[in-house]
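Since the structure comes first, as structure tokens, the remarks are kept for the end.
Throughout, read-outs are computed from the coordinates displayed, never taken from laboratory work. Everything quoted here is computed from the prediction, not taken from an experiment. Please note: Cβ atoms are built from the backbone with ideal geometry, for glycine as well, and neighbour counts cover all protein chains shown.
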Amino acid sequence: MLKEVCALIESAQSFVLTTHARPDGDAVGSVLGFAHYLRKKGKKATIINCDLTPFNMEWLPGAGDIQHWDGSLDQIRAIAEADVVAVMDANAKNRLGAMGKSVVDAPGVKLLIDHHTDPEGWFDLAYARESASSTGHLVYELIDADDPSLVDHAIAVTLYTAIVTDTGSFRFSNVTPDLHRLVGDLIERGGVEPSEIHSTIFDRKSPESLRLLSRVLNSLQMSHDGQISHTVISRAMLQETGASIEDTEGYVNWGLAIEGVRATMLFTETERGTKVSFRSQGSDHVHKWAQSLGGGGHPNASGAFVRKPLDETIQMVVKQAPRFLDLKAESAGEDELSAEDQAYLTMLQASPRNRG
Ligand code: 5GP
Ligand code: MN
């Protein structure tokens, strides 16, 4: 796989690179790192993304050259004329937003560089490994297999950003000794300043964003005897705090921070339905759960979009937990009650007639 991809990179001249909707640090960092490498080898590399770069990544070297997909003739031509269209950090057409069709129909070689489960079948060649910490990690491997001396400041900073964001600052289970060695190499060769990158990415929050976080934390609900938790972002919460959806990166993880919680969901209300983000730890896997709703992702971090209103989606998804996780038996009685019955019971208990 590695040899074939390296041979393709050697023989091709023009590349279009793209990544998933609502790009995160791994998405932006890996397309930029790969583009810098290709350009250093004298190749033409054009990045076209379906969604804008998040504001806290705009400083990344080369971010200003990323094109935002507008379906213009120039962009359609760039995709049609590229020897290689590289899809990075995403392995399904519906993750590419409005660009999906043009990418799938591209006449050039469709190359996948990715670490998600169950890739779709339309790629011609793939450098993909589920166990890789990040797509940035895989890009590093490609460069390392070719010529590690090509790693310069721009490549190192963009790939470091990709890796640090997708590993939750080196704390998820996808972190290995090899990854630390690789990161050591990036720091050394590229003169990366880890503390600067961390503070730029993680510590630049707006007041609106923190106000929203307080509302999100306040929405926390526990179920299944404390083994499942969920939080909510409604459209009203966004409007009232003035925060934007980009401000919500990482909020889902708070639901996992409670002792005993095996999986958490963050439900985000949108105009067309509800985005569900799943997070879990260790052997509690949530990707099948997300897949059952038409989404996907990684065993411990996945997502789906449900075309139903917020409350209906929450009710439906939370109830499904025992189908996808091997939960400990709940205290007797509670699991017999539907949410509606539980609400009725609570109302009865709270009514004045029941207060002696
Ligand atoms: P997040 O919850 O941060 O949006 O996404 C977590 C992971 O789940 C990401 O790695 C992403 O690739 C995957 N994911 C999120 N939403 C979707 C979706 O709608 N479809 C698929 N296939 N994967 C998703
Ligand atoms: Mn990733």
| said: Name the single residue that is nearest to Val261 (Cα to Cα) among those in segment 199-220 being surrounded by fewer than 14 Cβ atoms within 10 Å (Cβ to Cβ) and of a type outside the set (Lys, Arg). | reply: Leu217
| field | Breaking point among (1) free of Cβ contacts under 8 Å to residues at least 24 places away in the same chain; (2) more than 22 Å from the chain's Cα centre (by Cα), for Leu210 | value | (2)
| field | Unmet requirement for Leu17, which otherwise passes all of (1) in contact with a helix residue (DSSP H, G or I) (Cβ under 6 Å, 6 or more places away or on another chain); (2) within 16 Å of ligand 2 (Cβ to nearest atom); (3) outside any strand (DSSP E or B) | value | (3)
| note | Restricting attention to segment 267-318, the residues that are within 16 Å of ligand 2 (Cβ to nearest atom) and either among the β-branched types (Val, Ile, Thr) or part of a strand (DSSP E or B) (or both) number exactly 10
| task | Out of the residues in segment 12-44 that are more than 22 Å from the chain's Cα centre (by Cα) and free of Cβ contacts under 8 Å to residues at least 40 places away in the same chain, state the one that is nearest to Val183 (Cα to Cα). | result | Leu38
| Within segment 57-69, can one find any residue that is touching a Pro at 6+ places or on another chain (Cβ under 9 Å) and either within 16 Å of ligand 2 (Cβ to nearest atom) or among the polar types (S, T, N, Q) (or both)? | yes
| field | Residue, farthest from Pro299 (Cα to Cα), within segment 95-135, restricted to residues that are within 13 Å of ligand 1 (Cβ to nearest atom), touching a residue at least 60 places away in the same chain (Cβ under 8 Å) and in contact with a helix residue (DSSP H, G or I) (Cβ under 7 Å, 6 or more places away or on another chain) | value | Leu96
| task | Report, by residue number, each residue of segment 233-247 that is buried (at least 21 other Cβ atoms within 10 Å of the Cβ) and touching a strand residue (DSSP E or B) at 6+ places or on another chain (Cβ under 7 Å). | result | Ile233
| query | Looking at Ala82, Ala98, Ala92, Ala126, which is the one that is buried (at least 17 other Cβ atoms within 10 Å of the Cβ), small (Gly, Ala, Ser) and over 18 Å from Glu10 (Cα atoms)? | reply | Ala92
| note | Of those in segment 173-198 that are under 22 Å from Gly250 (Cβ atoms) and surrounded by 16 or more Cβ atoms within 10 Å (Cβ to Cβ), the residue farthest from the chain's Cα centre (by Cα) is Val192
